[in-house]
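Here the structure is laid out as structure tokens; the discussion comes afterwards.
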Amino acid sequence: MFKNVGESSLDEITLEKGFYVLHFQNESDKIEHFEREIDSSFLQMHFCLRGNSKFLFNNGSYSFDVLDNRSILLYNPQRILPINLEIQPKTTLVSLLISIEKFHSLFSKEAGYIPFLSDENSNRKFYDDTEIKPTVGIVLQQIINSNINSAIRELYVKGKIYELLSLHFQKEENVDAEYCPFLVDEQNVLKIRKAKNIIISRMSEPPSLQELATEIGLNLKKLKEGFKQIYGDTVYSFLFDYKMEHARKLLESNQYNVNEVGLQVGYSTASHFIAAFKKKFGTTPKKYVMSLNS
């Protein structure tokens, strides 16, 4: 099991007994492994927002992939399905583990169109592999990028997970009624994702908002609104947080001094970088490195 080691991280949130959320982030260049025991009363949902993951069963005798922008659902009341997961490099995966009892309590009235909840299927295994809906992808990104005070984060995530489940199992004809057309349009969502990739790749010299809007082919208003809805933050606030996290990782590598790290994330003077780092983390870069070494 890995947990916040180098460029890989695992964030686990217990929403309540029998109801867990796992967020895997593998930014390294190697495959990461994760194992967890889980009994047959649990339903598993795995959402791969980026990259590729592989689930192994029977000591690796058979496996299946969770591919980029796809989700799988597993439920087998006849057999224990422990999680034995290979997470490929540059992969983001969110997993939801929920007891079938809890799931029934949420969806008892919808058993008619959720196949494995019907009486005749209650003791049968169920497997589903689908593309992640744009609306579901938005909620997953909001969960991942939430900068919520830890005291209320579980409550925020729990609410978002309920929203995710309702959207995932929602009948297709109702989707447009629940979300504005802009975010239901996959092309617009892809343009916003492109905007995020652009500002990250050019973090040392990011384009202006108007230049960014022109480059992705959206007007300025749609860029601002879409980015906020998908990533839960403004473009430059998101970029600031990303730059500071990137700077923190560079400092942890012990390969660069403070000035070099500041330049890499777009600060021409050390004093500006130090002030920004302290605003984000409450300490200076130098003190942060000293705390690591001690």
- Note on the structure: Taking region 173-193 and keeping only residues that are at pLDDT 50 or above, of a type in the set (D, E, K, R) and out of contact with any Leu (no Cβ under 7 Å at 6 or more places or on another chain), one is left with Asp185, Glu186, Arg193
- Note on the structure: Counted residues in region 188-210 being without any contact (Cβ under 8 Å) to a residue 40 or more places away in the chain and either over 24 Å from Gly262 (Cα atoms) or surrounded by 14 or more Cβ atoms within 10 Å (Cβ to Cβ) (or both) come to 10
- Note on the structure: Among (1) within 26 Å of Thr91 (Cβ to Cβ); (2) of a type in the set (Val, Ile, Thr); (3) modelled with pLDDT of 90 or more, Ile148 falls short only on (3)
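So that you can scan it fast, the table gives a plain yes or no per residue for (1) under 30 Å from Ser253 (Cβ atoms); (2) modelled with pLDDT under 85:
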position	(1), (2)
Glu7	yes, yes
Phe34	yes, no
Arg50	yes, no
Asn59	no, yes
Tyr62	no, yes
Asn69	no, no
Asn76	no, yes
Arg79	no, yes
- Message: Suppose we filter region 237-282 for residues that are polar (S, T, N, Q) and loosely packed, with under 13 Cβ neighbours inside 10 Å; how many remain?
- Response: 6
- Query: Say we look at region 211-232 and pick out the residues that are buried (at least 18 other Cβ atoms within 10 Å of the Cβ), under 18 Å from the mean Cα position of the chain (by Cα) and of a type outside the set (Ser, Thr, Tyr); which of these is nearest to Lys286 (Cα to Cα)?
  - Reply: Gly232
- Which ranges mark the helices (runs of 4 or more DSSP H) fully within region 186-294 that have 2 or more residues being closer than 24 Å to Leu140 by Cα and of a type in the set (Val, Ile, Thr)? 186-201
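The values are calculated or read from the model by the stated rules, or taken from the named source; none is laboratory data. If you're wondering where the values come from, they're calculated on a predicted model, not measured in any experiment. A quick note on method: Cβ atoms are made from the backbone with ideal geometry, for glycine too, and the neighbour counts reach across all protein chains shown.
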